[in-house]
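Here is the structure we will look at.
FYI, it's all coordinate maths here, none of it is from the lab. From a predicted model like this one, the values you see are computed outputs, not experimental measurements. Here the Cβ positions follow ideal geometry from the backbone for every residue, glycine too, while neighbour counts run over all protein chains shown.
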Amino acid sequence: MKKKILQISLENAVEFKGKCNKKAIINKIIPLIKDKSKLKKISKDVDIVIDQVNNMSLSDQIIELKKLNPKFFDKKEKIKKKIVDLPNVKKIFRVRSAPSASGPLHIGHALVLSINKIYRDLYGGSHILRIEDTNPEANFKEFYSMIKKDFTWLVGKPDEIYVQSDRIESYYNIAEKLIKKGKLYFCNENSEVIRKKIRKGEKPIGASSSVKSNLENWKKMLNGEYDAGEGVMRVNTPDNLKNPALRDWIAFRINKSKHPKTGSKYCVWPMMNFSVAVDDHELKITHVIRGKDHEDQTRRQSNIFEYMNWKTPEYIHLGRINYEGMNISASEIRKGVESGKFDGYDDKRVETLSSLRKRNYKPAAIIKFFYEIGPTKRDKTFKKQEVYKTLDSFNKKIIE
């Protein structure tokens, strides 16, 4: 048994560059012990051997191990899985992760965060954090700092940070340019009437309004002369689009609710597709990695890139991951915390990043979990037990 302890200790030391780990060695020894009453004595033998091995130089450890187990060095080196290359990667590489301030970051966000980090490290570019908060009533003050903290814990400090509500004037500036190009128009028709028209392939009345009229109504919107529901700005899309959902989509709407950051300063807010298109251009994003449920959004955003004659980023759409039996709804988690159902956002019953951190999961274990999945477009379903079994395995190796 002492000879076997020495062999296992030497293998562990050589594998980890000169130092062996008692816990790892004990885990390999225990299955070899038939009489468990001898565990205590064998544990003492392990301590003695570990001291002996750790006091040896790495070269001496290799010499001794070759005597005991020469086959150890004949093992074929495992081929490490290589993550697929992204298209059109040039000197400048910039990706962004863009959560909203509607709730805490959770394991559902970790897919894009992790894949972005993996590629950022691979290509030596920039990983940008952009907090999307252009829906005043759906964002909450506490999540701005929480998102920054959880982002930094999982994937490191962001190379740049932006908050959309700080960029409203940029969206207004592009909107005015598009109105003057005839690509954005004011619409005040009943929403149900519009839906029926668009389904039939008909244009809303506003699409034929003059640039002058659209600019006047735009100014009235900005000045608060219209209330919510009394008018929106729509994108004037091509007539031949087969999918009704992509036709003449809303770019701006009126919302006079108080915003957690800007208060009542603004009453006209961009819809997600408009603000994201402007941001991705102005922040010089080269590759957009996100779920395939955003494919229609990508098509809408391409209207803005085309109309402004901007170069579009490369889009990589990831398959959906369904987590069975796991709490990953940001709004439900927030309501649960507010009602007292959960003891804070790091409650062990929820899958927030702060909860995983509190439970001593290491960021590298979570990133490896998504590295193994890779940037595939195929949907996957994981049960809670599967996720934690894999995370526990990765986490254990990292800690050891």
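In deg cm²/dmol and to the nearest 500, what is the mean residue ellipticity at 222 nm of the chain if only DSSP H runs of at least 4 residues count, each as -39500 (n - 2.57), divided by the residue total?
-14000 deg cm²/dmol
What is the chain's relative contact order, in percent, from Cα pairs under 8 angstrom and six or more apart in sequence?
Taking the mean separation of contacting Cα pairs over the length of the chain, I get 16 percent.
Report the gain in length on full extension from Lys265 to Asn240: 0.36 nm times residue separation, minus Cα-Cα distance, nm rounded to one decimal.
Working it through step by step, the gained length comes to 5.1 nm.
Distances over 38 Å make up what percent of all Cα-Cα pairs in the chain?
Tail of P(r) above 38 Å: 39 percent of Cα pairs.
If packing is taken as the average count of other Cβ atoms within 10 Å, what order do 45-51, 305-311 fall into, highest mean first?
Result, highest mean Cβ count within 10 Å first: 45-51, 305-311.
For segment 210-275, which GluC sites (Glu not before Pro) are in a loop by DSSP, counting at most 16 other Cβ atoms within 10 Å?
Glu225, Glu230
Would you list His106, His281, His317 from fewest to most Cβ contacts within 10 Å?
With the sparsest Cβ surroundings first, the list reads His317, His281, His106.
Name the long-range amide H neighbours of Arg94: under 5 Å, sequence gap of 5 or more, or other chain; modelled H, no Pro or chain starts.
Placed amide hydrogens put Ser126, Thr286, His287 under 5 Å from Arg94.
Find the eigenvalues of the gyration tensor of the Cα atoms of segment 291-398, then list the square roots of 5 times those eigenvalues as equivalent ellipsoid semi-axes, largest first, in whole angstrom.
Listed largest to smallest, the semi-axes of segment 291-398 are 32, 20, 13 Å.
Please express the Cα-Cα pair-distance distribution P(r) of segment 2-74 as a list of whole percents, one per 10 Å bin, running from 0 to the bin with the greatest distance.
21, 54, 22, 3
Out of Thr134, Ala228, His109, whose Cα points farthest toward the positive end of the dipole of the chain (charges: +1 Lys, Arg; -1 Asp, Glu; placed on Cβ)?
Positive-most Cα among the choices belongs to His109.
Need one word for segment 168-317: rounded, prolate or oblate. Basis is the Cα gyration tensor (sqrt eigenvalues a ≥ b ≥ c); a/c below 1.5 gives rounded, then a/b vs b/c decides.
Cα axes put segment 168-317 in the oblate bin.
Hey, what did segment 180-272 get for relative contact order, percent, Cα under 8 Å, at least 6 apart?
Taking the mean separation of contacting Cα pairs over the length of segment 180-272, I get 28 percent.
Determine, from the Cβ-Cβ distance of Asp60 and Leu39 and an R0 of 35 Å, the FRET efficiency 1/(1 + (r/R0)^6), rounded to the nearest 0.05.
0.75
Would you kindly work out the equivalent ellipsoid of segment 93-196 from its C-alpha gyration tensor and give its semi-axes, the square roots of five times the eigenvalues, largest first in whole Å?
32, 18, 14
Could you calculate the contour length gain from Lys91 to Lys396, that is, 0.36 nm times the residue separation minus the distance between their Cα atoms, to one decimal place in nm?
The Lys91-Lys396 span can extend by a further 106.1 nm.
Out of residues 5 or more away from Asn255 or on other chains, whose amide H comes under 5 Å of its own, with H placed 1.01 Å from N in the peptide plane?
HN-HN under 5 Å from Asn255: Val268, Trp269.
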